[in-house]
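Nothing in this text is a laboratory measurement; each read-out follows from the coordinates by a stated rule. The structure displayed is predicted, hence computed values, not measured ones.
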Amino acid sequence: MKKPSFLDRLTATVRRDDYDDYVDDELDTEDEDEMESNSTYHEESEWPGHNIIEEEQDGELPVDMYQTPDNIIIRALVAGVTPEDLDISITRDMVTIRGSRQEEREASDDDYYHRELFWGGFTRTILLPEEVLIDEAEAKEKHGLLEIVLPKVDKDRSAKLKVRTASKA
């Protein structure tokens with residue numbers, strides 16, 4: 001069969017079955033032994049990275065972040081995590097939340113019909129859009145919702161300083 005032109009395929013003047021037959025014929029003409037001899041890797045264990053043991057990676061914690069005139073608020077669902085198992089690190093421009101959610105196994109893997117819940121460690125680093133006051137930050141958890149309140153640095157705030165003189169006494 002003659003290879004259909006692009007225009008023939010585009011305008012559907014050639015039947016799809018005819019084109020599929022053409023592709024199949026082209027694939028059948030290659031010699032399988034030749035393909036195997038050209039293969040760089042003969043054994044499964046020779047594939048790069050095949051024997052690398054994968055480390056279990058932390059999941060990424062989904063968050064909401066918004067601002068009020070005075071604060072930046074971060075919210076995250078941490079249901080199933082005790083406050084003691086949460087580690088929150090704050091700098092002036094970044095927040096990192098780490099934790100772990102432990103699974104209580106009630107059934108074997110074969111007995112599950114569907115699994116979507118994430119179990120294990122999680123972490124999330126969030127770059128803040130503005131600088132915050134670290135010492136005034138607060139975190140609270142209620143019904144599985146973590147809320148972090150970060151007061152913004154007031155860059156417009158100013159203070160007057162009095163100049164004192166060193167008097168001789």
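Taking Cα atoms of the stretch 127-169, Rg/Rh with Kirkwood Rh, to two decimals? Kindly include the intermediate steps, with their values, before the conclusion.
On the way: Rg = 19.2 Å, Rh = 14.2 Å.
Taking Rh as the inverse mean 1/r over Cα pairs, Rg/Rh reads 1.35.
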Exercise. Stretch D58-D110 to full length: gain in nm at 0.36 nm per residue minus the Cα-Cα span?
Worked result: 16.3 nm
